[in-house]
Amino acid sequence: QVQLVESGGGLVQAGGSLRLSCAASGSIFSINAMAWYRQAPGAQRELVAQIYKDATTDYIDSVKSRFTISRDSAKNTVLLQMNSLKPEDTAVYYCNAKVEVSRFSPNYNYWGQGTQVTVSS
């Protein structure tokens, strides 16, 4: 089993910054990608940013140049630095990891419990 534990959410004014952290632990052979998703009330969960094992990254257009995803592979940790926050960034943010639990296993998808980010105008 694999556990993802998130931290760093909270309340911030528009234009402010927050940093989210997610640490993975458990039966991990390899983590092929880690990502942050978010879900606003009444909306579908959406992929915000993803970082692959080779350190390449993807972002949705609305956060490009404002958010930065990074990864510490030795610690199985992913960070999301969020700058210039806007009220529309308000959502529950979820950490996701695609994990191989043994050498020849497929990728399994794991989720954190979510952390609330609220941006006031």
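The values are calculated or read from the model by the stated rules, or taken from the named source; none is laboratory data. On a predicted model such as this, the values are computed, not experimentally measured, just so you know. Counting neighbours? That spans all protein chains shown, and the Cβs are built from the backbone with ideal geometry, glycine included. Surface accessibility is based on the protein's heavy atoms, side chains included, excluding ligands, DNA and RNA. Shrake-Rupley method; radii C 1.70, N 1.55, O 1.52, S 1.80 Å.
For this structure, a couple of remarks:
- The number of residues in region 64-74 that are open to solvent by 60 Å² or more (accessible area, probe 1.4 Å) and either within 26 Å of residue 14 (Cα to Cα) or touching a residue at least 60 places away in the same chain (Cβ under 8 Å) (or both) comes to 3.
- Boolean, residue 77 is open to solvent by 60 Å² or more (accessible area, probe 1.4 Å), modelled with pLDDT of 95 or more and not hydrophobic (A, V, I, L, M, F, W, C): no
- Boolean, residue 105 is outside any strand (DSSP E or B), over 15 Å from residue 4 (Cα atoms) and either of a type outside the set (Asp, Glu) or open to solvent by less than 20 Å² (accessible area, probe 1.4 Å) (or both): yes
- Total residues in region 80-100 satisfying the condition of being aliphatic (A, V, I, L, M) and open to solvent by 50 Å² or more (accessible area, probe 1.4 Å): the figure is 0.
- Taking the criterion of being at pLDDT 95 or above and surrounded by fewer than 13 Cβ atoms within 10 Å (Cβ to Cβ), the only residue of region 47-60 that qualifies is 56.
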